[in-house]
1. Every residue in region 129-175 that is in contact with a helix residue (DSSP H, G or I) (Cβ under 7 Å, 6 or more places away or on another chain) and more than 22 Å from Asn198 (Cα to Cα), please.
2. From the list Thr137, Thr183, which one is among the hydroxyl-bearing types (Ser, Thr, Tyr), out of contact with any Asp or Glu (no Cβ under 8 Å at 6 or more places or on another chain), at pLDDT 95 or above and within 19 Å of Asp221 (Cβ to Cβ)?
3. Quick one: which helices (runs of 4 or more DSSP H) lie wholly within region 35-110 and hold at least 2 residues that are within 25 Å of Leu229 (Cα to Cα)?
4. Pick from Lys192, Lys143: which is surrounded by fewer than 22 Cβ atoms within 10 Å (Cβ to Cβ) and basic (Lys, Arg)?
Amino acid sequence: METNYRSTNVNNIESATLVNDNTLLKNSFAWMTLAMVLTTLTALAFANIPALQTILFSNRIVFYIVLFAPLIFVWIMGARFEKLSYGALIGMFVAYSIINGMTFSVIFMAYQIGSIINVFFSTAALFAVMAIAGYTTKTDLTKLGNILMIGLIGIVIASLINFFTKSDTMDYIISILGVVIFTGLTAYDVQKIKNLGNEVGNDGTLRSKLGVMGALTLYLDFINLFLFLLRLFGDRK
């Protein structure tokens, strides 16, 4: 069975009970919420405790490990999904959310706290609306998801180019496109997780593991949407 959220063909998913897809969605949102709490608490700790800042920023090796470890975790969780145990997936997901909090601590150093709070709640409201839309719509969002993934690749390439050109106009355009893309991906991913819940059936272990992977997908949607909105509307210190 295909376990990749981005490539599963929802046209081939068989109908099942509403209980199954609700269970998978509930698990995904529960794990996502835990990850958000861990990321936020870790970011606040590293932003406000000088000793932790020293550990992170005074040692270049530690800094680069923290910077690139999340990418490695995401790759391992996706590539080794079938072989990793449920406990291993949870451990990696928790570690991933904590390490992200360490890197996101710079947000509190760069932006006004009031601005961060406002953008966070705006992100939460937009995310909730699109999640509900993705769950309730009868329209198959697979084609939209494919288009959005192409757009995501495009803004990644554009961001790499802009890293060297340092164009404020390009940065503004990328941020707007990022908001549009991750707003759409939120609806797409919620629908995908809902349909995967139908496909899983009564396999409790697989549903639990997919719940963690679903949480990772939704977490990435929320975090990226928040970061792009912050770049657009955040007040810098």
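1. Leu148, Gly151, Leu152, Ile155, Ala158, Ser159, Asn162, Met170, Asp171, Ile174, Ser175
2. Numbers: Thr137 fails: at pLDDT 95 or above.
One residue alone meets the criteria, Thr183.
3. Numbers: elements: 50-57, 60-79, 86-110.
Correct list: 60-79, 86-110.
4. Being surrounded by fewer than 22 Cβ atoms within 10 Å (Cβ to Cβ) and basic (Lys, Arg) holds for just one of Lys192, Lys143, which is Lys143.
The values are calculated or read from the model by the stated rules, or taken from the named source; none is laboratory data. Fair warning: this is a prediction, and the values are worked out from it, not measured in the lab. Heads up, the Cβs are rebuilt from the backbone with ideal geometry, glycines too, and the neighbour counts pull from every protein chain shown.
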